[in-house]
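This report refers to the structure that appears directly beneath it.
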Amino acid sequence: MDPPAVPGFLVELLHSVPHINITLHRVNDTFNPNSSIYIESLGILASIPAALLIISLVFLLLYLLTRCCDRKPRKPKSHGCQKCTLVFFAIVCCAAIGLGLYGNDDLHNGVLQIFGSGRKIEELILSVRNQTEMVKYNLKTKVVLSELEAKFEQPPQLYNQTAQYLLQDTVKMVKDNTTMAINALETVVYLTRPSHSEMTLNSLLNTYEFYEELRWPATLGFLTFLLLLCIILVIGATRSSRCALIFFSVCGLLAVTVCWLLSGIYLASAVALGDFCMKPNDFICSQQKLKDVQYTYCSSVGTNRYVLRLNESKDYVDRAKEALDIVNRIAINLYPRFEMSSKINRLSEELDDSKRQLIALSARADRRAVMEHYANATRGLCEGGLLGLTLMLLASLVSAAILSLLVCVDSHTWIYLTKKRPYEDKSETAPLFPAGAATASPASAQITAGTMTVNRTLLHAQATTSNGSTGGGLIPSSGRNGTTHGLRGLASYNGDESPPPDYNVVVHDNRASGHHTLGRLPSQQSHLAGPNNGKYATLSKQCKTLESSDFY
């Protein structure tokens, strides 16, 4: 066998990781998946990220408990540092996820290279089997089953009993050697034909190809989901969206768990692959169930069972060809009048053609022909595939750590991020008769931005005068029946009804003074007493007004 290739730096680094058992003792680091001790050492390595997952979850639980007990209000400006932290680490996490996508692509390409090389080896073995069966069929039908002996059973023209006996024995030798060549070819067909109980290279490739078809898109989908989470976090932090931040807290906790678990799987797989790539030939050649590997790649010169049987068949064909030449020389002397030479020449050509095919099959089944395919497969796994798996390991560890930090900071942010208070009308909660209203000016209607608004406190009580009359925003006037229209009359007025009797409301647009007044037309029949000559007082600009929709 050829000397093993020198392992790369990454292979040596991963192979140097300590392999310990449950008692913390070093064990053999040779790749051996059939050993329970070796599998136990890989399981302990995989449990390290699982322990980090438990620690991060406990820390997050304690942190959230402390935040739930702390209900101290925070100023809106105090969340700026937290938002900047979220955006920065979200971008760093996106970079780590991009590294994982690159590693996933490298690993997939390396695995595809293995499948391609394995398929070529399988096609080579299949072609050797098919061509071997074809050579066997031709030798059996065109040489062994030929009626050459029947031709020589006729009495010769030149009687020579010794020559006739020699001719018959030589013809029998031709058929016997051809039969032995066919038996050797049947052995090759049997070795190359897979059985139902044995593991073949084709079945192994089909199994791992199915797993790879599931792994690659699943990993790609998960990493894409992490990118979407980071984008949602950035949007939620910049827009102060509680819904986006809460969504990231829930999904981010799930992503943290998956990332730590994947880190354990990637760590154990990377170390195992590093152990395999230190001495890949030793493990491949130790698999006795893979006959194709054993008979081609693992066999040295002179031990390849395919080549040995093909060379043996070629030797028998050579002997049959030599015996047929002797038959041709004797037959020409004994049967000069019969057409014996044409029949013998056809058999000789068939033997020569079979010999050429057997030489070509021996060259195709030789180890040097399949060594290139095995080298490409090993290179794809131990260089591109191992590098991609290592990048995925680093990306998963970094992403898990950053996502744990982001979940903590995000939870701290949305807990103290209060909702924006809707616009509240302060006059809605103000008392109808506030303190000091006795000396306040009467309210009036105000037109703002082209819309007429009326204060709810348009009418309020004024101080009681010395004669017992009631002062207010309205100056009572006597009607025909002597009744007084006061506060209640105008208070019941709205935009859908007509104003009360004896009250003519008019809006005065005092643009020079910058405000509008709601006044009362003077009456010629009655004299209006009270302040402002019967006009309602101008509303102050500081007075809170209501929209027209508040009356409906």
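The values are calculated or read from the model by the stated rules, or taken from the named source; none is laboratory data. Everything numeric in this text was worked out from a predicted model, so none of it was measured. Reconstructed Cβ throughout: ideal geometry from the backbone, glycine too, with neighbour counts over all protein chains shown. Accessible surface is based on the protein model in full, side chains and every heavy atom, while ligands, DNA and RNA are left aside. Shrake-Rupley method; radii C 1.70, N 1.55, O 1.52, S 1.80 Å.
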Could we say that GLU198 is open to solvent by 70 Å² or more (accessible area, probe 1.4 Å), at pLDDT below 90, outside any helix (DSSP H, G or I) and charged (D, E, K, R) here? yes
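Can you name every residue in the range 354-370 that is farther than 20 Å from LEU139 by Cβ and either open to solvent by 50 Å² or more (accessible area, probe 1.4 Å) or not in a helix (DSSP H, G or I) (or both)? Before you say what the answer is, go through the steps one by one.
Initial filter on the range 354-370 (farther than 20 Å from LEU139 by Cβ): 366-370.
Scanning the range 354-370 gives ASP366, ARG368.
Filter the range 229-271 down to residues that are aromatic (Phe, Trp, Tyr) and under 19 Å from the mean Cα position of the chain (by Cα) and give me whichever is farthest from ASP410 (Cα to Cα). Lay out the reasoning, then the answer.
Here is the first cut: in the range 229-271, the residues aromatic (Phe, Trp, Tyr) are 247-248, 260, 266.
Subset that is under 19 Å from the mean Cα position of the chain (by Cα): 248, 260, 266.
On the way: PHE248: 8, TRP260: 19, TYR266: 28 Å.
It comes out as TYR266.
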It is to be established whether one or more residues within the range 22-41 are surrounded by 12 or more Cβ atoms within 10 Å (Cβ to Cβ), in contact (Cβ under 8 Å) with a residue 40 or more places away in the chain and in a helix (DSSP H, G or I). no
State which residue pairs qualify: first residue among the β-branched types (Val, Ile, Thr) and inside the range 392-405, second residue open to solvent by 50 Å² or more (accessible area, probe 1.4 Å) and in a helix (DSSP H, G or I) in any location, beta carbons under 7 Å apart, and separation of 6 or more residues or different chains. ILE402/PHE89; ILE402/VAL92
Within the range 112-163, track down each residue that is surrounded by fewer than 16 Cβ atoms within 10 Å (Cβ to Cβ), hydroxyl-bearing (Ser, Thr, Tyr) and modelled with pLDDT under 85. TYR159, THR162
Criterion (open to solvent by less than 20 Å² (accessible area, probe 1.4 Å), of a type in the set (A, V, I, L, M) and either under 20 Å from ALA268 (Cβ atoms) or without any contact (Cβ under 8 Å) to a residue 12 or more places away in the chain (or both)) met by exactly one of LEU386, LEU351: LEU386
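Count, please, the residues in the range 8-18 that happen to be in contact (Cβ under 8 Å) with a residue 40 or more places away in the chain and in a loop (DSSP other than H, G, I, E, B). Show your work before the answer.
Taking the range 8-18 as the starting set, the residues that turn out to be in contact (Cβ under 8 Å) with a residue 40 or more places away in the chain are 8, 10-15, 17.
So of that shortlist, the ones also in a loop (DSSP other than H, G, I, E, B) come out as 8, 17.
Number satisfying all stated conditions: 2.
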For the range 51-60, indicate whether the set of residues that are open to solvent by 40 Å² or more (accessible area, probe 1.4 Å), in a loop (DSSP other than H, G, I, E, B) and in contact (Cβ under 8 Å) with a residue 60 or more places away in the chain is non-empty. no
Search result, residues across the range 320-345 that are surrounded by fewer than 18 Cβ atoms within 10 Å (Cβ to Cβ) and touching a residue at least 40 places away in the same chain (Cβ under 8 Å): ILE326, ASN333, PRO336, ARG337, PHE338, LYS343
Pairs please, first residue from the range 270-289 and part of a loop (DSSP other than H, G, I, E, B), second anywhere and modelled with pLDDT under 90 and β-branched (Val, Ile, Thr), Cβ atoms under 8 Å, 6+ apart in sequence or on different chains. LYS279/THR30; GLN287/VAL293
So, first residue part of a loop (DSSP other than H, G, I, E, B) in the range 70-93, second residue open to solvent by less than 40 Å² (accessible area, probe 1.4 Å) and modelled with pLDDT under 90, Cβ within less than 8 Å, six or more apart or across chains; the pairs are PRO73/TYR416; ARG74/TYR416
Taking the conditions exactly as written (more than 58 Å from the chain's Cα centre (by Cα), open to solvent by less than 60 Å² (accessible area, probe 1.4 Å), more than 30 Å from TYR208 (Cα to Cα) and modelled with pLDDT of 80 or more), does TYR316 satisfy them or not? yes
Out of all the residues in the range 394-418, which are out of contact with any Leu (no Cβ under 9 Å at 6 or more places or on another chain), open to solvent by 50 Å² or more (accessible area, probe 1.4 Å) and at pLDDT below 85? THR418
